[in-house]
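*Asks:* This is the structure I have questions about; it appears just below.
The values are calculated or read from the model by the stated rules, or taken from the named source; none is laboratory data. Being a predicted model, the structure only gives us computed values, none of them experimental. Cβ placement follows ideal geometry from the backbone for every residue including glycine, while neighbour counts extend to all protein chains displayed. The area values use the complete protein model at the heavy-atom level, side chains included, leaving out ligands, DNA and RNA. Shrake-Rupley method; radii C 1.70, N 1.55, O 1.52, S 1.80 Å.
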Amino acid sequence: MNTATKLSGFALGLAAVFGAAYGVGQVTGPVAPTAETRHDDTGHAGETSHDDGTGHADEAAHLPGGLLVSERGHTLRPVAAPAGQFAFQITGTDGAPVTAYEVAHDKRMHLIVARRDLSGFRHVHPEMSPDGTWRVDSPLAGPGVWRVFADFTPGGGEPLTLGVDVTVPGVLTDRPLPAPATSTTVDGYTVTLAGTPQPGRTSELTLTVSRDGVPVTDLEPYLGAYGHLVALRQGDLAYLHVHPDGAPGDGRTRPGPEVTFFAEVPSAGTYRLFLDFQHDGVVRTAEFTIVAAAAGGTATAVPAAPTPTGTSAPAPTGAADHGTPGHGHD
Ligand SMILES: [Cu+2]
């Protein structure tokens with residue numbers, strides 16, 4: 001992995017673009033990164049598919065993350081697993097399972113799932129067998145079409161998020177997306193959101209955590225950060241994973257009550273935000289619906305009464321699972 005990319009994308013966390021965490025200088029401003037800036041011919045010796053010297057624009061370079069099941073020579077393949085388990089492989093250009101991964105945010109593999117209707121979000125960490133098969137207690141909590149995102153960095157390569165649909169049979173219940181809101185509650189915590197993303201520019205989003213009206217000032221690091229924010233676009237579940245501005249122990253970042261992110265959404269539209277944060281040893285997920293307006297328009301995050309996550313697979317379930325010993329912290 002390119003060290004500068006890693007530092008700017010992960011340690012500083014100053015900006016993130018759908019699908020990747022590239023250097024700030026490449027992504028700020030109104031001009032989207034080009035194939036050349038993302039896929040130059042230096043420092044990417046480990047890459048397999050896009051460094052072909054022709055300079056042609058790689059279509060995938062312009063897409064948000066998670067929309068493709070196969071990208072840059074890597075393919076996400078679910079494999080048969082016992083009941084209650086979810087298993088998959090990442091295969092490379094030779095068709096064989098990839099076994100070499102970089103550690104990013106304490107893990108070699110981050111698996112994020114959500115139903116196509118944006119309910120049932122989970123973020124878990126599978127274990128890999130020597131043959132390259134990843135296994136985890138199934139996070140697919142009930143019937144529906146689930147989008148499964150594998151967020152990883154192949155050995156010597158660049159971060160990549162692949163997505164695949166997995167259907168869990170059963171009777172579907174209609175779950176309308178909760179209305180846009182700037183405040184939500186989970187397990188007795190109230191989380192408020194300030195800031196509204198605008199497409200094509202980096203926007204500051206600040207999430208503030210309180211409990212019983214008291215600001216929480218002792219958030220705990222979870223996977224190297226005081227919060228992890230995933231945004232999914234309604235309609236196609238384009239994926240954005242953003243890390244906060246500032247890291248635990250950097251001498252300037254306080255453990256709450258505020259966690260600040262800089263995010264860039266790829267288009268106007270409705271997004272569901274999922275904030276993972278840890279307190280008292282338990283990881284919880286706060287969810288928001290936001291609407292990003294087109295440039296020049298008015299972005300809206302309509303104030304509303306705090307709402308539960310409003311799904312049949314509410315965040316507390318995921319939070320409880322997150323806190324299970326041996327699940328997600330090893
Ligand atoms: Cu993770």
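*Asks:* Answer yes if at least one residue in region 127-141 is away from the ligand (no atom under 16 Å from the Cβ), assigned to a loop (DSSP other than H, G, I, E, B), among the charged types (D, E, K, R) and open to solvent by less than 10 Å² (accessible area, probe 1.4 Å), and no otherwise.
*Replies:* no
*Asks:* State the number of residues belonging to region 111-120 that are polar (S, T, N, Q) and open to solvent by 10 Å² or more (accessible area, probe 1.4 Å).
*Replies:* So in region 111-120, the residues polar (S, T, N, Q) come out as 119.
When the remaining residues are screened for being open to solvent by 10 Å² or more (accessible area, probe 1.4 Å), the result is none.
Result for region 111-120: 0.
*Asks:* Is it true that Asp276 is open to solvent by 30 Å² or more (accessible area, probe 1.4 Å) and out of contact with any helix residue (DSSP H, G or I) (no Cβ under 6 Å at 6 or more places or on another chain)? Break it down into steps so the answer makes sense when it comes.
*Replies:* On the way: open to solvent by 30 Å² or more (accessible area, probe 1.4 Å): no; out of contact with any helix residue (DSSP H, G or I) (no Cβ under 6 Å at 6 or more places or on another chain): yes.
No, not satisfied.
*Asks:* State whether one or more residues within region 227-241 are farther than 19 Å from Val282 by Cα, at pLDDT below 95 and either among the hydroxyl-bearing types (Ser, Thr, Tyr) or over 20 Å from the mean Cα position of the chain (by Cα) (or both).
*Replies:* For region 227-241, residues farther than 19 Å from Val282 by Cα, at pLDDT below 95 and either among the hydroxyl-bearing types (Ser, Thr, Tyr) or over 20 Å from the mean Cα position of the chain (by Cα) (or both): absent.
*Asks:* Of the residues in region 155-211, how many are touching a helix residue (DSSP H, G or I) at 6+ places or on another chain (Cβ under 9 Å) and in a loop (DSSP other than H, G, I, E, B)?
*Replies:* Count: 4.
*Asks:* Scan region 81-126 for residues that are within 16 Å of the ligand (Cβ to nearest atom) and under 15 Å from the mean Cα position of the chain (by Cα) and report the count. Lay out the reasoning, then the answer.
*Replies:* Step one: list which residues in region 81-126 are within 16 Å of the ligand (Cβ to nearest atom), which gives 86, 88, 90, 101-114, 121-126.
Restricting the remaining residues to those that are under 15 Å from the mean Cα position of the chain (by Cα) gives 104-114, 121-125.
Of the residues in that region, 16 qualify.
*Asks:* Under 8 Å between Cβ atoms, which residue pairs at least 6 apart in sequence (or on different chains) link something in region 135-154 that is over 18 Å from Ile90 (Cβ atoms) and modelled with pLDDT under 95 with a partner that is within 16 Å of the ligand (Cβ to nearest atom) and not small (Gly, Ala, Ser)?
*Replies:* Qualifying pairs under 8 Å: Ala141/Arg122.
*Asks:* Filter region 142-154 down to the residues that are open to solvent by 10 Å² or more (accessible area, probe 1.4 Å) and either of a type in the set (Lys, Arg) or within 15 Å of the ligand (Cβ to nearest atom) (or both), then identify the one that is nearest to the chain's Cα centre (by Cα).
*Replies:* Here the residue is Asp151.
*Asks:* Filter region 219-240 for residues that are open to solvent by 30 Å² or more (accessible area, probe 1.4 Å), in a strand (DSSP E or B) and either touching a helix residue (DSSP H, G or I) at 6+ places or on another chain (Cβ under 8 Å) or within 16 Å of the ligand (Cβ to nearest atom) (or both) and give the result.
*Replies:* Matches in region 219-240: Glu220 only.
*Asks:* Could you grab the pairs with beta carbons closer than 7 Å, sequence gap of 6+ or different chains, first residue in region 238-261 and under 25 Å from Asp151 (Cα atoms) and in contact (Cβ under 8 Å) with a residue 24 or more places away in the chain, second one in a loop (DSSP other than H, G, I, E, B) and of a type in the set (S, T, N, Q)?
*Replies:* Qualifying pairs under 7 Å: Gly246/Thr253; Ala247/Thr253.
*Asks:* Yes or no: region 250-270 includes at least one residue that is of a type in the set (A, V, I, L, M, F, W, C), over 17 Å from the mean Cα position of the chain (by Cα) and within 19 Å of His123 (Cβ to Cβ).
*Replies:* No; the residues of region 250-270 include none that is of a type in the set (A, V, I, L, M, F, W, C), over 17 Å from the mean Cα position of the chain (by Cα) and within 19 Å of His123 (Cβ to Cβ).
*Asks:* Would you tally the residues in region 173-192 being closer than 21 Å to Ile112 by Cβ and open to solvent by 40 Å² or more (accessible area, probe 1.4 Å)?
*Replies:* Within region 173-192, residues that are closer than 21 Å to Ile112 by Cβ and open to solvent by 40 Å² or more (accessible area, probe 1.4 Å) number 2.
*Asks:* In region 155-179, what residues are within 16 Å of the ligand (Cβ to nearest atom) and of a type outside the set (A, V, I, L, M)?
*Replies:* Once the filter is applied, which keeps residues that are within 16 Å of the ligand (Cβ to nearest atom) and of a type outside the set (A, V, I, L, M), region 155-179 yields Pro159, Thr161, Gly163.
*Asks:* Which one of Gly200, Gly213, Gly188, Gly224 is within 22 Å of Gln278 (Cβ to Cβ) and either within 19 Å of the chain's Cα centre (by Cα) or polar (S, T, N, Q) (or both)?
*Replies:* Gly224
Results for (1) open to solvent by 40 Å² or more (accessible area, probe 1.4 Å); (2) over 23 Å from Arg284 (Cβ atoms); (3) touching a residue at least 60 places away in the same chain (Cβ under 8 Å), shown as yes or no for each residue.
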site: Ile90; (1), (2), (3): no, yes, yes
site: Met109; (1), (2), (3): no, no, no
site: Arg122; (1), (2), (3): no, no, yes
site: His125; (1), (2), (3): no, no, yes
